[in-house]
Amino acid sequence: MAYVAPSLLAADFSALGAEIERVREAEILHIDIMDGNFVPNLSMGPQIVKALRGKTDQVFDVHLMLLHPLAYVPVFREAGADWLTFHIECEDDTGEVLKAIAESGAKAGLAIKPDTAVEELYPYGSLLHSVTVMTVEPGFGGQTLKEAPLAKIRQLKQRFPHILVEVDGGVNYETASMCRDAGADVLIAGTAVFGAKNPSEAMVMLKGESV
Ligand code: DX5
Ligand code: ZN
């Protein structure tokens with residue numbers, strides 16, 4: 001059974017407290033952090049993570065789309081991140097960032113862009129709690145899922161059964177079953193959840209259950 005992690009990027013930013021209420025049933029909240037360098041966009045900072053931390057006990061899966069994540073590991077951990085995910089394509093040393101995450105007490109994840117080979121993750125497999133397989137170029141919500149990266153999910157599950165594999169980008173009613181069939185444990189969905197009239201029903205449908 002897959003989890004659905006609503007991606008806050010698609011929420012109404014003028015009413016984030018109320019938006020959190022709409023996705024109460026979700027065990028995991030996905031929070032996108034962008035630096036305008038690794039990706040051509042800006043999103044949220046630690047203040048927002050901290051403000052929301054006071055409102056919910058949900059797992060905060062913080063996705064760092066940063067060229068230099070190392071310095072921000074303690075910052076986002078202190079703000080309330082439970083899981084810290086950074087990109088294998090970043091410019092900091094992967095081993096050092098993983099060490100910093102372990103020292104912070106958060107669970108460590110690596111994210112991988114659509115065109116990056118899955119083998120690049122293999123040296124770090126034993127250190128990872130999760131891998132986020134990106135099915136769009138990171139930076140923006142509401143894009144169309146690319147199917148080719150889904151093959152990485154199965155490869156990862158076969159090689160590292162302990163790793164929680166998340167899929168991020170373009171997950172909606174049409175594409176969710178492909179992601180589940182590929183073996184994804186967590187379906188990250190922004191537009192499909194927050195854009196729905198009834199986010200609870202949307203999450204049930206994305207899981208492939210009937211409402
Ligand atoms: C994109 C982000 C995603 C995004 C997904 O860079 O990492 O988490 O919010 O949005 P949807 O589900 O709308 O594709
Ligand atoms: Zn994300």
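Listed by first and then second residue, the pairs with beta-carbon distance under 6 Å, at least 6 apart or on different chains, first residue in region 1-21 and under 18 Å from Glu166 (Cα atoms), second assigned to a helix (DSSP H, G or I) and away from ligand 2 (no atom under 14 Å from the Cβ), are Ala2/Arg180; Val4/Met203; Val4/Leu206.
The residue that is most open to solvent (accessible area, probe 1.4 Å), among those in region 1-18 that are away from ligand 1 (no atom under 13 Å from the Cβ) and either within 21 Å of Gln143 (Cβ to Cβ) or modelled with pLDDT under 95 (or both), is Met1. Evaluated against (1) within 16 Å of ligand 1 (Cβ to nearest atom); (2) polar (S, T, N, Q); (3) out of contact with any Gly (no Cβ under 8 Å at 6 or more places or on another chain), Thr85 falls short on exactly one condition, (3). Which residue pairs have Cβ atoms under 9 Å apart, sit 6 or more places apart or on different chains, and have a first residue in region 57-81 that is closer than 21 Å to Ile188 by Cβ and within 16 Å of ligand 1 (Cβ to nearest atom) and a second that is in a loop (DSSP other than H, G, I, E, B) and of a type in the set (Ser, Thr, Tyr)? Hits for this filter: Met65/Ser43. With the structure loaded, tell me whether Ile153 is part of a strand (DSSP E or B), surrounded by 19 or more Cβ atoms within 10 Å (Cβ to Cβ) and of a type in the set (A, V, I, L, M) or whether it fails that test. Here the answer is no, as Ile153 does not meet what is asked.
Right, Ser200: more than 27 Å from Leu66 (Cα to Cα) and in contact (Cβ under 8 Å) with a residue 12 or more places away in the chain or not? Here the answer is yes, as Ser200 does meet what is asked.
If you check Phe38, Phe60 for being of a type in the set (Phe, Trp, Tyr), within 14 Å of ligand 2 (Cβ to nearest atom) and under 27 Å from Glu21 (Cα atoms), only one passes: Phe60. So, in region 71-120, how many residues would count as being touching a helix residue (DSSP H, G or I) at 6+ places or on another chain (Cβ under 7 Å), part of a helix (DSSP H, G or I) and of a type outside the set (S, T, N, Q)? Looking only at that region, the number is 12. If you take the residues in region 169-209 that are of a type in the set (S, T, N, Q) and in a loop (DSSP other than H, G, I, E, B), which one is farthest from ligand 2 (Cβ to nearest atom)? Here the answer is Asn198. Looking only at residues in region 140-150 that are surrounded by fewer than 19 Cβ atoms within 10 Å (Cβ to Cβ) and within 8 Å of ligand 1 (Cβ to nearest atom), which one is nearest to the chain's Cα centre (by Cα)? Top of the filtered list is Phe140. Taking (1) exposed (fewer than 15 other Cβ atoms within 10 Å of the Cβ); (2) under 14 Å from Leu110 (Cβ atoms) in turn, Glu166 satisfies each apart from (1).
Can you confirm whether region 9-28 contains a residue that is in a helix (DSSP H, G or I), within 12 Å of ligand 2 (Cβ to nearest atom) and within 14 Å of the chain's Cα centre (by Cα)? Yes, that holds for at least one residue. Among the residues of region 95-119, those that are more than 16 Å from ligand 1 (Cβ to nearest atom) and surrounded by fewer than 17 Cβ atoms within 10 Å (Cβ to Cβ) comprise Gly95, Glu96, Lys99, Ala102, Glu103, Gly105, Ala117, Glu119. Annotation: of all residues in region 19-31 being open to solvent by less than 10 Å² (accessible area, probe 1.4 Å) and within 14 Å of ligand 1 (Cβ to nearest atom), the one that is farthest from Ala182 (Cα to Cα) is Val23.
The values are calculated or read from the model by the stated rules, or taken from the named source; none is laboratory data. Just so it is clear, the model here is predicted, and its values are computed rather than measured. Cβ coordinates were reconstructed from backbone atoms using ideal geometry, including for glycine residues, and neighbour counts include every protein chain displayed. Areas reflect the complete protein model, heavy atoms only, side chains present, ligands, DNA and RNA absent. Shrake-Rupley method; radii C 1.70, N 1.55, O 1.52, S 1.80 Å.
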